[in-house]
1. Take A:Leu19 and tell me if it is under 16 Å from the mean Cα position of the chain (by Cα) and under 25 Å from B:Ala598 (Cα atoms).
2. Specify the residue that is farthest from B:Ala36 (Cα to Cα); the eligible residues are those in region B:627-683 that are acidic (Asp, Glu) and more than 14 Å from chain A (Cβ to nearest Cβ).
3. Just one of (1) more than 16 Å from the ligand (Cβ to nearest atom); (2) within 30 Å of B:Met477 (Cα to Cα); (3) among the acidic types (Asp, Glu) trips up B:Asp102, so point out which.
4. Restrict the check to region B:139-146 and report whether at least one residue is within 12 Å of the ligand (Cβ to nearest atom), open to solvent by 30 Å² or more (accessible area, probe 1.4 Å) and out of contact with any Cys (no Cβ under 9 Å at 6 or more places or on another chain).
5. A:Phe127 fails exactly one of the following numbered conditions: (1) surrounded by fewer than 23 Cβ atoms within 10 Å (Cβ to Cβ); (2) hydrophobic (A, V, I, L, M, F, W, C); (3) farther than 20 Å from A:Ala229 by Cβ. What is the number of that condition?
6. Does any residue of region B:375-397 turn out to be touching a residue at least 24 places away in the same chain (Cβ under 8 Å) and touching a Ser or Thr at 6+ places or on another chain (Cβ under 7 Å)?
7. Could you grab the pairs with beta carbons closer than 7 Å, sequence gap of 6+ or different chains, first residue in region B:627-656 and assigned to a loop (DSSP other than H, G, I, E, B), second one modelled with pLDDT of 95 or more and open to solvent by 50 Å² or more (accessible area, probe 1.4 Å)?
8. Of the residues B:Pro503, B:Pro592, B:Pro563, which single one is within 14 Å of chain A (Cβ to nearest Cβ) and surrounded by fewer than 21 Cβ atoms within 10 Å (Cβ to Cβ)?
Amino acid sequence: MSYHIVVCGSIVPDPLQTLEPVAGPGGPALKNEMMLPAVLDPWAAHALYEAANLAKAAPGSRVWLVSVGPKAKLQQVMMHVAQKVPFELVVMDGPAGGFVEAADTAAALAQAVEGIAGLEKDRLLLFGGWSSASRGTGATMQILGELLGVTEQFQGVDELRPADDGSFEVKERIEGGGYLRSRCAGAPAVLGWATGNLPEPPNNPQVGMQNMRLIMPALQKARPAAVGAAGVAYKAVELPGARRQTRIVKDAPVDDIAREIVEWIKG
Amino acid sequence: METLRTLPGDDVRQIMWRYADRFDIQMAVQSARSIARSVVARLVADGARNTHEWTARKAELLKAFDESGLTAIYMDPAEGGFIEGPKNLALALVAMELAWVDGGAATSALASCLGLAPIHEKGTAEQRAHYLPLCTPPQPGEERTCRRAAFALTEPLPYVGVDTGILGGKMRVERWDEGAEPLLKIEKRGRFITNMDFADIVTAAVESDDPRIKGSCMVILEKDDPGTFDRGAPTLKMVHQLSSTRDPVMSLTVPASRIIGGYDVVDGVIVPRFGHGEIIASVFHRTRIPVGLMTSAKLLSAIEPVIRYHRQRFRGGAVGEPGSRRHELGLQMNEDALQRLVDVWATGEAGCSLGLAAARLADRFDPVEREKDRLFAEQGIKGRKQLAALKDSQERALEYVRLKHADGQGDPARLAELEADTLVRFVYMDALAGVLNPATKLWNTGVGATVMREAVSLVGGYGITEDCPGFLCHKWMDSQLEATYEGPEAVQRRHLSLTMTNPVFLEALRQWSAGLRRSGAEGATALAGALDMWLWTLDFLQKGADSEGRKLYHGKRQGVSFPLADALGWLLAARFLFEDVVELAAQAPGSPVLAEAAPGLAAFYADLACVQAARAAGEAARICAELVYGYGCADVAGGACDDAFASLRQGVDKALSGARLAKDRAAEALTGVMIPEALDYPL
Ligand SMILES: Cc1cc2nc3c(=O)[nH]c(=O)nc-3n(C[C@H](O)[C@H](O)[C@H](O)COP(=O)(O)OP(=O)(O)OC[C@H]3O[C@@H](n4cnc5c(N)ncnc54)[C@H](O)[C@@H]3O)c2cc1C
């Protein structure tokens with residue numbers, strides 16, 4: 001069984017940067033957002049590595065990375081990401097910040113996926129992050145699946161094990177540190193990945209140079225995405241009402257600290 | 001007023017250093033950065049530098065370099081690499097990324113390239129085809145190990161060091177059967193040889209100890225050749241401990257086909273086609289550029305940790321609530337702390353501008369040099385005749401320099417004609433490279449080491465501890481090695497004292513000075529004045545004699561030529577920073593990423609360039625004055641020369657007007673610039 005794996009993912013500011021919300025001309029934004037170095041959203045990155053791994057094990061498979069994001073910054077991030085694994089890129093040019101509505105992004109992604117030439121829906125696995133480092137709603141992939149009519153959905157995925165008959169087993173994270181194992185009859189399906197099991201592949205410029213042959217034209221062809229945060233205003237932000245008074249105790253055992261926190265939560 | 005918003009990222013660097021359209025190089029940079037800030041930084045943070053020995057943990061570096069394409073970066077795609085064409089800029093940027101965290105790691109990455117460089121530059125086609133792929137990591141599915149190379153020139157005392165002519169390494173004919181390849185016995189002891197813990201291949205400089213071999217050469221030795229291949233004692237070095245250095249002893253028998261570049265048999269004597277001097281000149285001509293840049297990268301790497309330390313210095317204490325100046329700015333409340341960091345920053349930028357200009361020139365020069373060699377071979381022009389042909393091209397090269405800088409006023413058809421003339425371009429580029437390359441190695445490392453000390457000072461006591469964020473103390477110490485290996489400062493000064501008098505280079509300098517004046521940029525007039533003063537001083541010293549009638553500018557008179565070379569380093573670095581700042585100001589507004597921040601970026605960098613120009617002009621003026629007046633020449637004792645020099649010097653001084661205000665603005669910018677929450681590599 002070979003797959004057509006579409007990984008949805010875009011860029012987020014490098015996690016070490018200072019993120020300061022400001023009111024920009026196009027709605028809420030981060031201070032100096034364009035100037036801050038960006039990385040591929042870590043959740044989506046896990047999905048991409050898993051996709052490449054699956055494609056390698058299932059000859060004849062193809063991997064696309066579909067991104068709604070500012071193409072100039074995306075190009076910069078590709079200089080790193082393109083070296084990791086082989087893929088083809090599809091770009092919709094538009095903002096990718098944490099203030100964009102998940103439904104808008106999902107609609108733009110749906111449009112991009114529909115436009116992929118040669119994509120076969122009966123082999124389609126829609127991969128993405130179960131969350132995003134810039135916006136943790138966990139909604140984009142779900143809405144995208146619905147828009148594309150792909151209703152087999154799994155979220156918080158850490159493992160996908162394909163069987164010879166085209167079915168596969170999925171391990172999803174659930175509450176309380178537990179896992180749910182499900183068997184799915186086959187593609188198409190949506191998988192929102194948690195961390196997966198794979199380490200970050202080392203950079204391989206040879207893979208990068210191969211990928212760039214398709215990536216640069218894809219960036220040049222990028223169509224504008226109708227997404228944004230225009231008109232959105234944040235009236236107020238509040239911290240949780242209950243605050244714990246804390247104190248410093250030298251050499252306190254971790255068990256004691258944990259017990260005290262649990263008691264406080266139980267109230 | 002608009003000023004710097006964030007620390008300059010890749011978008012800024014790609015414009016300034018001109019690789020915005022080179023994806024292969026951008027990828028190499030990303031690859032090197034991810035290794036530097038993970039594997040390398042972890043090794044340093046875990047104290048792996050605290051041993052002279054090469055350890056299994058240090059060897060992880062080689063694996064990381066292999067896996068991420070850095071080992072193969074030196075090779076052409078046909079040999080297993082991924083960058084087409086010359087790779088000087090790519091190697092320079094990779095070295096900078098690694099040195100950003102640790103200089104020894106950068107040395108390790110470059111050392112195998114240095115070991116192979118003699119084969120790369122002067123090896124026969126067979127030698128290249130055999131050895132370069134051997135030293136490329138295996139591709140998936142290939143069953144072999146990656147071989148590594150070392151470069152063995154330096155020898156135990158009293159032989160090769162700065163003086164590379166006094167070789168202790170010897171070769172003799174061991175056996176030469178009729179019609180067969182001669183077998184040579186090679187005796188070579190090395191001192192301070194990098195990569196020696198694991199090198200499989202050593203390119204060694206030796207000279208003949210046998211009437212049947214002529215002169216000297218470099219020869220390829222392999223660890224399994226018959227005889228002794230003793231890796232020797234580790235060097236007890238206190239710097240660059242993430243590289244391997246030992247004093248090997250080799251006594252091996254090898255076929256004469258290992259002579260790099262091959263040999264001819266003339267009247268029963270083996271005549272190597274290249275003497276060792278010719279090979280090392282061609283190798284070092286290129287490999288010294290990345291070394292200079294390593295020190296400059298470290299200066300730039302110090303900015304972020306110093307700003308963070310300064311801002312956070314008083315946070316959490318009893319005095320200074322969040323929102324107060326003490327809390328927000330910490331040590332940045334003090335003008336001196338800010339201004340000294342501006343100096344560190346400007347020095348780092350200027351070094352990078354100079355070194356990367358040299359690296360780009362080297363990339364452009366490589367094909368021109370090959371084309372020149374091809375032309376000469378085609379026309380059968382050899383030896384002295386080559387020199388004569390090049391001398392004949394000098395006038396045209398001078399015309400070319402003038403037309404190139406005529407700012408659209410010259411004759412474009414003539415410019416195009418000269419541009420198409422290989423010998424003209426060769427003479428022009430050779431003149432520039434002959435100065436820019438040693439100037440990078442000399443100025444970036446020597447001045448860089450001193451300025452790195454300032455960076456260490458700015459972190460106080462923490463600065464000289466092992467756990468100083470950004471490893472600043474290590475970086476300071478390491479700079480001393482960068483100033484030493486591949487030819488210490490004396491070697492670069494000696495080299496410059498010969499090349500900096502080349503008329504084509506001097507014409508370029510005149511044109512640069514005129515260009516600076518035309519630019520109207522702040523500080524540019526001071527720098528132009530200093531360039532004019534330097535040119536005047538050189539001319540004066542070349543013609544003049546001291547109070548005892550002894551010639552002033554003379555090969556033996558290092559007291560004259562060496563300081564003048566130092567002064568030139570200052571001036572060139574400042575000049576190339578201006579050039580990069582002009583490029584940034586021109587390109588940033590058109591970049592979707594930088595457009596919004598472009599005015600602030602341009603303003604800040606213009607201030608940095610002005611700060612550096614002022615400093616450079618001051619250094620040069622001081623040196624020139626000492627040389628002009630210091631030898632008690634009759635010409636300057638109140639005579640016409642006195643007036644000429646004094647007015648040049650006064651011009652420089654007066655042109656400093658506003659330079660300190662630029663420094664004030666740059667310093668102020670440091671109080672507001674956004675920095676990340678934490679360093680992106682471990683402490
Ligand atoms: C860690 C490390 C790694 C190295 N790796 C290698 C390697 O891989 N391969 C290799 O071949 N070598 C290597 N070297 C050797 C290095 O290149 C030499 O140390 C360097 O060239 C200087 O030689 P020297 O130490 O013998 O200094 P010397 O020749 O003794 O010179 C000492 C000083 O004397 C002065 N001086 C000497 N000659 C002159 C002169 N003509 N005019 C003016 N002043 C002068 C200068 O101040 C000079 O710095 C390495 C060295 C170190 C420390």
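1. On the way: under 16 Å from the mean Cα position of the chain (by Cα): no; under 25 Å from B:Ala598 (Cα atoms): yes.
It is false that A:Leu19 is under 16 Å from the mean Cα position of the chain (by Cα) and under 25 Å from B:Ala598 (Cα atoms).
2. Looking only at region B:627-683, we keep the residues that are acidic (Asp, Glu), and these are B:635, B:642-643, B:653, B:664, B:668, B:677, B:680.
Filter once more, so that each one left must be more than 14 Å from chain A (Cβ to nearest Cβ): B:635, B:642-643, B:653, B:664, B:668.
Values: B:Asp635: 56, B:Asp642: 53, B:Asp643: 54, B:Asp653: 43, B:Asp664: 34, B:Glu668: 31 Å.
The selected residue is B:Asp635.
3. Just one mismatch for B:Asp102, condition (1).
4. There is no residue in region B:139-146 that is within 12 Å of the ligand (Cβ to nearest atom), open to solvent by 30 Å² or more (accessible area, probe 1.4 Å) and out of contact with any Cys (no Cβ under 9 Å at 6 or more places or on another chain).
5. (1)
6. Yes: region B:375-397 contains one or more residues that are touching a residue at least 24 places away in the same chain (Cβ under 8 Å) and touching a Ser or Thr at 6+ places or on another chain (Cβ under 7 Å).
7. If the second residue must be modelled with pLDDT of 95 or more and open to solvent by 50 Å² or more (accessible area, probe 1.4 Å), the pairs left are B:Ala655/B:Thr525.
8. Numbers: B:Pro503 fails: within 14 Å of chain A (Cβ to nearest Cβ); B:Pro563 fails: within 14 Å of chain A (Cβ to nearest Cβ).
Among B:Pro503, B:Pro592, B:Pro563, only B:Pro592 is within 14 Å of chain A (Cβ to nearest Cβ) and surrounded by fewer than 21 Cβ atoms within 10 Å (Cβ to Cβ).
The values are calculated or read from the model by the stated rules, or taken from the named source; none is laboratory data. On a predicted model such as this, the values are computed, not experimentally measured, just so you know. Ideal geometry is used to build each Cβ from the backbone, glycine not excepted, and the neighbour counts take in all protein chains shown. Only protein heavy atoms, including side chains, enter the accessible area calculation; ligands, DNA and RNA are left aside. Shrake-Rupley method; radii C 1.70, N 1.55, O 1.52, S 1.80 Å.
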